[in-house]
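Student: Structure incoming, see below.
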Amino acid sequence: MFIFDKINSIQQKIGSLKPTTSIGFVPTMGALHKGHLALIEQAKNENDIVVVSIFVNPTQFNNQNDLLNYPKPLENDLSLLKSMRCDIVFTPSTVEIYQKKVVSESFDFEGLQLVMEGKFRKGHFEGVGTVVKRLFEIIKPTRAYFGEKDYQQLQIIKKITNQFNFNIKIIPCPIFRELDGLAMSSRNSRLTKEQRLVVPFIYKTLSIVKDKFSAFNVEEINKWVENQFKKQPLLKLEYFQIADEETLQPITVKNPSIKYRAFIAVFVGEIRLIDNISL
Ligand code: AMP
């Protein structure tokens, strides 16, 4: 496994490969869990080589405490990647990616950024867009793998790929969950035992929403979800929204030809967890 922290070195390595080599790319912020590993496994199966990046991108954090507390177990990540026979790992520094100006570029996400994560985490998607565009330019992968766990991010990445004419196939990967339904997340490692016991409630609620979706109207469902969270002293609902899977705009009236998804963000103490479900 090759590990590079400089753009020049990784580009030299990639430049030395046969031009027909297909490259599967999995961008991550590290603190790898089975959800990440499932993306890497899929990338391995579908490409000649796999590149994984580990970069905790400062410009996508709207909350400095979240950035400071984000887990960064690099040695553990590298040994996991080695055991998976990952080919290349890119672990750039902030200076390597941003030089002196740690700021985001501007993008036109055509409204995708106005709801949910974009609304509650100001500047988040400009940060994501900036780093993913930069990584795409450096690595020039054949395919790039993104989890549906960050569904809005996936739609934003598809938009950027089109807008900047990247010749990269964006591959969505299903959400990987713990046995009790909790969506795997690097942030889960920060939960106390007590918090860990209550967070499966998030997915449980989404699953009931899925069952209710055909029989109840959206207002009734929204109200029901709000009431459920009021009964949970350790959980604070930030948003719950049922939206068109493509445009991410909130549902107005149910249209049988549109696919919908329910999206949720919940605070457990200072830890913010997100999840979603196809309806
Ligand atoms: P992160 O390190 O959180 O930036 O995530 C890196 C990639 O892994 C993103 O494409 C995420 O959507 C994906 N990912 C994170 N958690 C999961 C999960 N539980 N299931 C599937 N994909 C995930």
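Every read-out reported here was derived from the displayed coordinates using simple, explicitly stated rules and does not represent laboratory data. Everything quoted here is computed from the prediction, not taken from an experiment. With ideal geometry, Cβ positions are generated from the backbone for all residues, glycine too; neighbour counts draw on all protein chains shown.
Student: Considering the Cα trace of the stretch 17-85, what is its radius of gyration and what is Dmax, both in angstroms?
Tutor: 13.9, 44
Student: Measure nothing fancy, just the Cα-based angle from helix 124-139's long axis to the longest principal axis of the chain, in degrees from 0 to 90, nearest 10.
Tutor: The angle comes out near 30 degrees.
Student: Amide H neighbours of Tyr239 under 5 Å, counting only residues 5+ apart in sequence or on other chains, H built in-plane at 1.01 Å?
Tutor: Long-range HN contacts for Tyr239: Ala265.
Student: If we count other beta carbons within 10 Å of each Cβ, what is the order of Ile271, Ile23, fewest first?
Tutor: Values: Ile271 18, Ile23 21.
Going from sparsest to densest Cβ surroundings: Ile271, Ile23.
Student: Positive end of the dipole of the chain, charges at C-beta (+1 Lys, Arg; -1 Asp, Glu), about the Cα centre: which of Leu68, Leu114, Tyr151 has its Cα farthest in that direction?
Tutor: Leu68
Student: Report, to two decimal places, the Cα Rg of the stretch 1-120 normalised by 2.2 N^0.38 Å (N = number of residues).
Tutor: Values: Rg = 15.9 Å, N = 120, 2.2 N^0.38 = 13.6 Å.
Dividing the Cα radius of gyration by 2.2 N^0.38 Å gives 1.17.
Student: Starting from the Cα gyration tensor of the stretch 49-137, multiply each eigenvalue by 5, take the square root, and state the resulting semi-axes largest first in whole Å.
Tutor: Working: eigenvalues 132, 47, 37 Å².
They are 26, 15, 14 Å, listed largest first.
Student: What does the helix-only formula give at 222 nm for the chain: each DSSP H stretch with n ≥ 4 adding -39500 (n - 2.57), the total divided by the residues, and the result rounded to the nearest 500 deg cm²/dmol? Before the final figure, lay out each step's value.
Tutor: On the way: 11 runs with 109 residues, N = 279.
Calculated at 222 nm, the ellipticity per residue is -11500 deg cm²/dmol.
Student: May I ask for the angle, rounded to the nearest 10°, between helix 34-46 and the longest principal axis of the chain, with both axes built from Cα atoms and the value confined to 0 to 90°?
Tutor: 50
Student: Further question on the same structure: From the cross-link list Lys34/Lys149; Lys6/Lys101; Lys100/Lys122; Lys119/Lys169, which pairs have alpha carbons spaced over 19 Å apart?
Tutor: Exceeds cut-off: Lys100/Lys122; Lys119/Lys169.
Student: Kirkwood hydrodynamic radius (Cα pairs, Å) of the chain? Provide the component values of the computation, followed by the final result.
Tutor: On the way: mean 1/r = 0.0505 Å⁻¹.
The Cα-based Kirkwood calculation yields 19.8 Å.
Student: Something else: So, in Å, what gap is there between the alpha-carbon centers of the stretch 180-199 and the stretch 121-178?
Tutor: Cα centroid of the stretch 180-199 versus Cα centroid of the stretch 121-178: 25 Å apart.
Student: How much net charge surrounds Gly35 when only the other residues with a Cβ under 14 Å from the Cβ of Gly35 are counted, with Lys and Arg +1 and Asp and Glu -1?
Tutor: Working: positive: Lys34, Lys149, Arg177, Arg187; negative: Glu41, Asp77, Glu148, Asp150, Glu178, Asp275.
Within the 14 Å Cβ shell, the charges total -2.
Student: Using only the Cα atoms of the stretch 141-197, what do you get for the radius of gyration and for Dmax, in Å?
Tutor: 15.1, 47
Student: Which log10 I(q)/I(0) values does the stretch 88-152 give at q = 0.11, 0.12, 0.22, 0.27 Å⁻¹ under the Debye formula, counting every alpha carbon as one identical point scatterer?
Tutor: -0.31, -0.37, -1.12, -1.29
Student: Right, another one. Tell me the angle of helix 151-163 to the major Cα principal axis of the chain, expressed in degrees between 0 and 90 and rounded to the nearest ten.
Tutor: 50
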